[in-house]
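Read the structure below first, then the notes.
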Amino acid sequence: MLDNLSAVFVVGKLNKDRKKKKKDRNLSRENELVVEKSKTADQDAVYEVPSGDDDCSKGMKKWITDYHQSRPGLKILQQRIDEFIVAHEEKLEQERKEREARLTEGGWTLVEHHKGRKKTTEAESGTTVGSVSQTAVEGKLAKQKSKEVSDFYRFQKRQAQKNGMNDLIYRVIVIFLS
């Protein structure tokens with residue numbers, strides 16, 4: 001009976017191995033088919049770029065050439081931008097000068113408002129300094145110190161008032177007794 005069971009086990013194992021090998025063969029065949037299909041798809045999807053000898057006056061080729069000609073390179077584009085900015089700034093400057101000339105012709109004086117903090121110049125070097133003077137900083141610090149409240153709570157205020165009264169009474173007594 002033991003031989004019978006081992007024979008059944010071996011036969012069952014062999015059947016599983018056969019099925020596994022057959023499955024592996026089928027998978028490898030499917031992979032080969034997928035690779036062949038992708039190769040043909042790649043060949044169908046290849047786009048050829050004309051060398052310039054072809055007639056580009058019609059159809060899609062004309063559109064593609066027009067598109068590529070309408071898009072300049074980065075250097076040309078940067079040059080165009082720089083030229084435009086320079087021309088625009090010159091135009092704005094010219095308009096400003098014309099406006100000032102019109103105002104001065106009428107006898108008016110143009111007063112401009114400059115936003116931002118005031119900048120001072122150093123007497124020694126003549127450079128513009130945007131910092132705050134030392135006296136202004138000291139003044140602000142003094143104001144901040146004076147704003148600090150030593151007696152914040154009510155009981156502290158009452159206690160300070162009692163101590164002040166006791167001091168006055170003590171001074172009066174010392175003066176009276178002396």
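Things to note:
- The modelled label-to-label distance for the pair Asn26/Ile76, using points 7 Å beyond Cα in the direction of Cβ, is 6.0 nm.
- Taken along the Cα-to-beta-carbon direction at a fixed 7 Å, the label points for Arg154 and Asp66 span 8.8 nm.
- A full extension of the chain between Met165 and Ala87 corresponds to an added length of 20.0 nm, given 0.36 nm per residue minus the alpha carbon distance.
Every read-out reported here was derived from the displayed coordinates using simple, explicitly stated rules and does not represent laboratory data. Since the structure is predicted, the reported quantities are computational estimates derived from the model, not experimental observations. Neighbour counts are summed over all protein chains in view; Cβ atoms, including those assigned to glycine, are modelled from backbone coordinates with ideal geometry.
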